[in-house]
Amino acid sequence: MWFRQFRVAVGGLLLAVCSGGIVLAQTPSALSDLQAKLDRLDTWLDSSDQGPGWRTYLLTDTLNAQLAAGDHADPVVVADILGRYTSSVAGLDCTRFVDVRQALQAWLHELGPASLDEIVSAVEAAKSTFVPPTESDLQHARQNLVRTVDHLDKQLKDYGEIGDAWRKYLHWGELQENLAKQTPDPATLDAIYLRFDSGQTGLNWQMFTDVRHALRKYLITARAMGNPKLAQHYPKVLDLLTKYLRAYQEAPNPQVAHRISAALRWLEDADQADDVVQLVLRRYGSPNFCAEASPSLFKALIGRTVDETGPVQDCILGTSISGTGHTTGSVTVELIPSNHRGILDVLMVAETASDSIGLNRQVHIYSTGTTQHASRKRVVISDAGFVDEPAATNAVTSSRINCVQANRDLVERIARRRASQQQGEANLIASQHAEQRINARLDQQIGEQIADTNRRFNEQLRQPLERLGLFPTLLNFSTTGDALHVVALQAFGLELGASNAAPSLGAGADLGIRIHESAINNFAQGFLGGMTIEESQLQKDATDALGYLPEELKNPEGDAEPWAITFAKEQPITVAFGKDTFSVTISGVSYTKGTTPYPGMNVTVDYDIKQTDQGPRAVRQSELEIFPPGFDAEGGQQLSTREQVLRRMLQRRFDNVFPKEIVPKPTTPKGELAKVGPLVVREWRSADGWMLLGWQRDEAKAQP
């Protein structure tokens with residue numbers, strides 16, 4: 001039945017969409033939200049004797065002047081005000097202050113970024129604003145640590161024996177005993193912190209990283225109390241930050257971006273210069289992932305002709321009607337322009353020709369009719385999930401009475417006359433019933449598919465990423481008449497996003513992806529930093545996800561002994577995208593083969609992207625560079641025997657992962673998505689930190 005085809009097609013559409021990204025719902029502007037929260041704070045301060053003092057410290061008059069300037073507000077001034085709200089002054093953790101602080105951060109994000117010169121000026125000004133840590137700062141760090149420990153404790157209870165094992169590994173009793181003391185023992189907490197930071201599989205879950213970060217913050221704050229070196233080091237960090245910012249402006253690259261993030265992390269740990277931190281993140285925090293899907297993809301998936309026959313059952317003006325209907329028409333999809341949501345309308349235009357018999361007591365009415373109907377079923381994608389709006393159908397029925405039969409002539413004449421008189425009303429009712437039937441079936445069947453898509457989206461994408469703390473900080477769907485767009489920012493904490501806007505894709509792509517090197521590097525940092533990955537587990541995960549083990553991950557011939565890598569805590573995998581070039585560096589602090597340990601070794605590979613008559617491809621530029629961290633090959637350093645053994649092993653392994661030539665193969669969707677047909681890479685290039693990929697449909701090989 002066409003209803004089933006319609007439901008399955010929409011299901012495929014939704015699954016294709018949810019695999020590409022998530023969205024932000026349409027919300028009030030950050031400016032209006034900030035104004036409302038500031039007004040509530042002002043009303044509350046009016047009832048307090050400390051209100052005037054708070055307004056003076058928080059630069060409320062200056063903030064009101066900036067709000068009045070609207071889009072022309074000075075981001076440097078706004079960042080300075082934000083620095084007041086994020087300072088360590090006691091009382092600023094009150095909900096009303098926190099609400100304004102969060103709204104300020106959102107508004108600062110909306111404002112245009114400050115220039116490098118403005119940021120450098122703010123850095124210079126910050127040198128005179130050092131604020132020594134106070135007992136209030138320490139207590140706040142302790143309260144936050146206790147809160148995250150309590151949350152983890154509740155989580156571990158849900159895991160039964162596994163949770164008990166984690167408690168044992170993390171020295172849970174010692175941790176809680178220390179937190180109950182008036183003055184916890186820093187040495188004991190140091191040892192416990194090393195447990196949280198050991199890189200054991202599973203410790204990258206958000207519930208563990210929250211405690212690790214809170215424990216780190218408490219230890220840093222405790223040691224900073226009364227430490228004169230903190231004030232001495234503060235201006236040096238700011239000078240380094242200026243140096244790195246200028247270098248990054250001149251030649252953006254992952255190494256300098258990492259140094260900037262490290263300087264920002266120092267400032268955050270020391271609770272200093274928050275306005276500077278916010279300005280830098282705003283300046284270098286542009287979205288680092290973009291995707292576009294053309295209407296032709298959705299039309300290929302949804303578009304179809306309708307041609308089927310089915311039973312007709314109805315009751316109109318007391319007459320029971322039964323017969324057969326033949327429906328012909330078409331189904332397509334339309335993208336509705338929207339800036340903050342993805343809106344897709346699935347449209348069906350069809351005509352049903354019916355041949356039916358109406359029975360009213362002893363009277364039989366033989367008729368033929370035509371119902372023309374057009375339906376629209378809207379799917380809206382927002383941060384609330386996938387929502388289907390009620391279907392809307394417009395139907396018009398016209399019918400012709402061919403014969404009226406009854407068991408008596410008088411009854412037949414009366415029935416014929418009455419049927420003729422009521423034909424217009426009957427057509428109107430038939431149209432309304434057709435609309436109701438079509439709407440009900442669409443709402444039920446498509447609604448079920450959307451609910452299933454929501455469930456899979458949450459279970460397979462959102463929840464796993466949130467569990468790891470890797471769900472993008474910004475993801476937005478929008479639609480134009482030309483494409484469905486996905487924009488994302490993959491950056492966490494003090495990591496930088498893109499430093500420039502994404503280059504445009506060439507014309508004609510049905511599916512396009514533009515990804516900045518920071519998106520990959522930031523994700524790798526959160527997912528792999530400090531973690532130990534065993535080859536056997538990697539092969540199992542790949543097989544579970546793909547249904548087969550890729551050739552690149554198979555053991556080299558004659559080398560079946562398993563191995564494992566412990567990634568560096570910082571920059572475990574780094575990619576860099578130049579002008580039609582890209583490089584990948586894998587940083588391992590240690591390896592094992594079987595039960596034999598080996599020292600750290602980094603693996604680097606460089607590729608050039610070539611455009612050929614057969615399409616784009618990447619060509620490896622040289623042999624893999626495999627050396628220990630900091631190794632100076634040109635300075636005459638020699639590898640030890642152990643390092644040479646490891647180097648040969650890694651050479652065999654990574655030669656599979658990084659072949660001498662990468663030729664993109666057509667991507668062939670499966671199942672209902674096979675209607676799209678193979679997707680062939682027509683565009684592959686890189687520039688200024690971005691990699692661009694564009695696919696086109698091979699319509700000749702699409703399944704009907």
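The values are calculated or read from the model by the stated rules, or taken from the named source; none is laboratory data. Just so we're clear, the structure is a prediction, and the values are computed from it rather than from any experiment. Note: ideal-geometry Cβ built from the backbone for every residue, glycine included; neighbour counts use all protein chains shown. Note: areas computed on protein heavy atoms with side chains; ligands, DNA, RNA excluded. Shrake-Rupley method; radii C 1.70, N 1.55, O 1.52, S 1.80 Å.
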>> I need a count of the residues in the range 509-537 that are within 22 Å of residue 257 (Cα to Cα), in contact with a Gly (Cβ under 7 Å, 6 or more places away or on another chain) and either open to solvent by 40 Å² or more (accessible area, probe 1.4 Å) or part of a strand (DSSP E or B) (or both).
In response: 1
>> I'd like the residue in the range 427-481 that is among the basic types (Lys, Arg) and touching a residue at least 12 places away in the same chain (Cβ under 8 Å) and, out of all such residues, is farthest from residue 527 (Cα to Cα).
In response: 441
>> I'd like the full set of residues that are small (Gly, Ala, Ser), open to solvent by 30 Å² or more (accessible area, probe 1.4 Å) and either under 22 Å from residue 204 (Cα atoms) or not in a helix (DSSP H, G or I) (or both), limited to the range 115-166.
In response: 115, 128, 160, 165
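Condition (residue is under 30 Å from residue 106 (Cβ atoms), hydroxyl-bearing (Ser, Thr, Tyr) and either without any contact (Cβ under 8 Å) to a residue 40 or more places away in the chain or open to solvent by 30 Å² or more (accessible area, probe 1.4 Å) (or both)) applied to the range 295-314: is it met by at least one residue? Please lay out each step first, then the result.
Within the range 295-314, the first condition is being under 30 Å from residue 106 (Cβ atoms), and the residues that meet it are none.
No, that holds for no residue.
For the range 186-304, which helices (runs of 4 or more DSSP H) that fit wholly inside it have 2 or more residues that are more than 23 Å from the chain's Cα centre (by Cα) and over 30 Å from residue 697 (Cβ atoms)?
Details: elements: 186-196, 206-224, 228-250, 254-269, 274-283, 295-302.
Fully inside the range 186-304 and qualifying: 186-196, 206-224, 228-250, 254-269, 274-283.
In the range 5-40, which residues are at pLDDT 90 or above and either buried (at least 20 other Cβ atoms within 10 Å of the Cβ) or more than 15 Å from residue 98 (Cα to Cα) (or both)?
Taking the range 5-40 and keeping what is at pLDDT 90 or above, we get 34-40.
34, 38 - these are the residues of the range 5-40 that are at pLDDT 90 or above and either buried (at least 20 other Cβ atoms within 10 Å of the Cβ) or more than 15 Å from residue 98 (Cα to Cα) (or both).
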>> Between a residue in the range 61-72 that is open to solvent by less than 50 Å² (accessible area, probe 1.4 Å) and any residue that is outside any helix (DSSP H, G or I), which pairs come within a Cβ distance under 7 Å, given they are 6 or more apart or on different chains?
In response: 66/73; 66/74
> All but one of (1) open to solvent by 40 Å² or more (accessible area, probe 1.4 Å); (2) out of contact with any Pro (no Cβ under 8 Å at 6 or more places or on another chain) hold for residue 443; which doesn't?
Replying inline: (2)
> Residues 431, 375, 420, 398: which one is more than 18 Å from residue 313 (Cβ to Cβ) and out of contact with any helix residue (DSSP H, G or I) (no Cβ under 7 Å at 6 or more places or on another chain)?
Replying inline: 420
> Residues 55, 101, 96: which one is modelled with pLDDT of 90 or more and among the basic types (Lys, Arg)?
Replying inline: 55
>> If residue 80 meets every condition in (1) open to solvent by 40 Å² or more (accessible area, probe 1.4 Å); (2) under 29 Å from residue 206 (Cα atoms) apart from one, which number is that one?
In response: (2)
> Quick one: is residue 424 over 16 Å from residue 321 (Cβ atoms) and open to solvent by less than 40 Å² (accessible area, probe 1.4 Å)?
Replying inline: no
> Can you tell me how many residues in the range 597-646 are on the phi < 0 side of the Ramachandran plot and in a loop (DSSP other than H, G, I, E, B)?
Replying inline: 17
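Residue-wise test of (1) closer than 27 Å to residue 221 by Cβ; (2) touching a strand residue (DSSP E or B) at 6+ places or on another chain (Cβ under 9 Å); (3) not in a helix (DSSP H, G or I).
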| position | (1), (2), (3) |
| --- | --- |
| 49 | no, no, yes |
| 67 | no, no, no |
| 71 | no, no, no |
| 82 | yes, no, no |
| 99 | yes, no, no |
> residue 493 versus (1) open to solvent by 40 Å² or more (accessible area, probe 1.4 Å); (2) closer than 29 Å to residue 615 by Cα: which is the lone unmet condition?
Replying inline: (2)
>> If residue 269 meets every condition in (1) open to solvent by less than 40 Å² (accessible area, probe 1.4 Å); (2) charged (D, E, K, R); (3) at pLDDT 90 or above; (4) under 23 Å from residue 377 (Cβ atoms) apart from one, which number is that one?
In response: (4)
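Listed here are the residues, each with its yes/no results for (1) in contact (Cβ under 8 Å) with a residue 24 or more places away in the chain; (2) surrounded by 12 or more Cβ atoms within 10 Å (Cβ to Cβ); (3) within 23 Å of residue 586 (Cβ to Cβ); (4) aliphatic (A, V, I, L, M).
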| residue | (1), (2), (3), (4) |
| --- | --- |
| 615 | yes, yes, no, no |
| 624 | yes, yes, yes, yes |
| 630 | no, no, yes, no |
| 641 | no, no, yes, no |
| 649 | yes, yes, yes, yes |
| 659 | yes, yes, yes, no |
| 662 | yes, yes, yes, yes |
| 685 | yes, yes, no, no |
| 688 | yes, yes, no, no |
> Just checking, which of 363, 396, 379, 387 is in contact (Cβ under 8 Å) with a residue 40 or more places away in the chain, surrounded by fewer than 19 Cβ atoms within 10 Å (Cβ to Cβ) and at negative phi?
Replying inline: 387
